[in-house]
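What follows is one structure encoded as structure tokens, with my remarks underneath.
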Amino acid sequence: MVAFESPVDSLLPGEVAPEGGGIPDIRKVTRILEDEGIPCCMTGASALVWFGAGRVRWDWEICVPTEKMNQAIQLLKSEPMTKVYQPWEPELFQYGSLAHTFPRFRLRGIALRFQIHPSDDAYFNIYDVDRSPSGLPYPKLESFAQSLLDTQRSSDLSDLVDGMNFSDEWGEEHLNLDKTTDVAYAKQQNQKMAAPTAPGEDPLDYHGVPTHPTPPREIWQEAVRGKQKRIGIELPTEYFAT
């Protein structure tokens, strides 16, 4: 599994492109957090890219325990960190995502942005991670896949299935499919998404996370069996060549 280089934002005056796709710079951020006792790992598109998904990673997304969010933010806003990191404009509003509500930073002089996400949004075990060769922390594959099922992030799940070329059997062996989705979580997310809508956006236009109990097995099978439909439409046939 290899993290691909991110596209570079439009360079601001005085900015240069990050080296190594930004990996060394983001590793410094995670070290700063970990040295202060703040566990962290990649989430969102950053995790999907690591697992081979065909995603474009515009921002790096770093997940920290929800109860340590304020500590992480204040740390990055304090001296001497402010000489390197600068609070930045929030992510653009997206239906079905709370990314625009999470803190965002830029590296001074470098075209690299990163966000800090709370673990209650990611919904996976942030304390049990794998390390990339560069030392970046990533969620365990099984934990990450289960979180996409439980939170009903169908698009992300499909990309993960395609990136890893998963089968029905992998899910039966590694995931908990004998339950229903978390209705309380879905309702909570919908409330959060409706609250901070951007100017001109109507929260009623977004139907939200489904709040009826759904067996994860149905969601998993739909993602896996839909892979054949995506071949040739979203993905070239050779993408799945072995």
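The values are calculated or read from the model by the stated rules, or taken from the named source; none is laboratory data. Being a predicted model, the structure only gives us computed values, none of them experimental. Cβ atoms come from the backbone with ideal geometry, glycine included; neighbour counts cover every protein chain shown.
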> What are the residues in region 120-141 that are modelled with pLDDT of 95 or more and in contact with a Leu (Cβ under 7 Å, 6 or more places away or on another chain), if any?
Replying inline: none
> Between residues in region 155-166 that are under 11 Å from Ala45 (Cβ atoms) and residues that are modelled with pLDDT under 95 and among the charged types (D, E, K, R), which pairs lie under 9 Å by C-beta distance while being six or more apart or on different chains?
Replying inline: Asp156/Arg55; Asp159/Arg55
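For residues that are modelled with pLDDT of 70 or more and small (Gly, Ala, Ser), scanning just region 183-242, find the one that is nearest to Phe166 (Cα to Cα). Full working, then the answer.
Residues of region 183-242 that are modelled with pLDDT of 70 or more, as a first pass: 183-195, 208-230.
Checking the rest, the ones that are also small (Gly, Ala, Ser) come to 184, 186, 194-195, 208, 223, 226.
Working: Ala184: 28, Ala186: 26, Ala194: 34, Ala195: 36, Gly208: 27, Ala223: 9, Gly226: 11 Å.
Here the answer is Ala223.
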>> Among the residues that make up region 169-190, is at least one of them in a loop (DSSP other than H, G, I, E, B), within 15 Å of the chain's Cα centre (by Cα), surrounded by 16 or more Cβ atoms within 10 Å (Cβ to Cβ) and not β-branched (Val, Ile, Thr)?
In response: no
>> Just the residues that are farther than 15 Å from Gly52 by Cα, of a type in the set (S, T, N, Q) and in a helix (DSSP H, G or I), please, taken from region 148-163.
In response: Ser154
> Going through region 14-32 one residue at a time, which ones are more than 16 Å from Glu61 (Cβ to Cβ), in a helix (DSSP H, G or I) and acidic (Asp, Glu)?
Replying inline: Glu19
> Would you pick out the residues in region 141-176 that are over 11 Å from Phe124 (Cβ atoms) and of a type in the set (Phe, Trp, Tyr)?
Replying inline: Phe166, Trp170
> Of these, Ser155, Ser134, Ser119, which one is within 14 Å of the chain's Cα centre (by Cα) and surrounded by fewer than 17 Cβ atoms within 10 Å (Cβ to Cβ)?
Replying inline: Ser155
> Of the residues Ile62, Ile38, which single one is in contact with a strand residue (DSSP E or B) (Cβ under 6 Å, 6 or more places away or on another chain) and not in a loop (DSSP other than H, G, I, E, B)?
Replying inline: Ile62
>> With the structure loaded, tell me whether Ala53 is more than 30 Å from Pro13 (Cα to Cα), of a type in the set (Gly, Ala, Ser) and in contact with a helix residue (DSSP H, G or I) (Cβ under 8 Å, 6 or more places away or on another chain) or whether it fails that test.
In response: yes
> Got a number for residues in region 74-119 being in contact with a His (Cβ under 7 Å, 6 or more places away or on another chain) and either hydroxyl-bearing (Ser, Thr, Tyr) or at pLDDT 85 or above (or both)?
Replying inline: 1
> Given the residues Phe144, Phe166, which is the only one that is outside any helix (DSSP H, G or I), buried (at least 19 other Cβ atoms within 10 Å of the Cβ), of a type in the set (A, V, I, L, M, F, W, C) and at pLDDT 95 or above?
Replying inline: Phe166
> List, please: which pairs have Cβ atoms under 7 Å, are six or more places apart or on different chains, and start with a residue in region 66-87 that is basic (Lys, Arg) and end with one that is buried (at least 16 other Cβ atoms within 10 Å of the Cβ)?
Replying inline: Lys68/Ile38
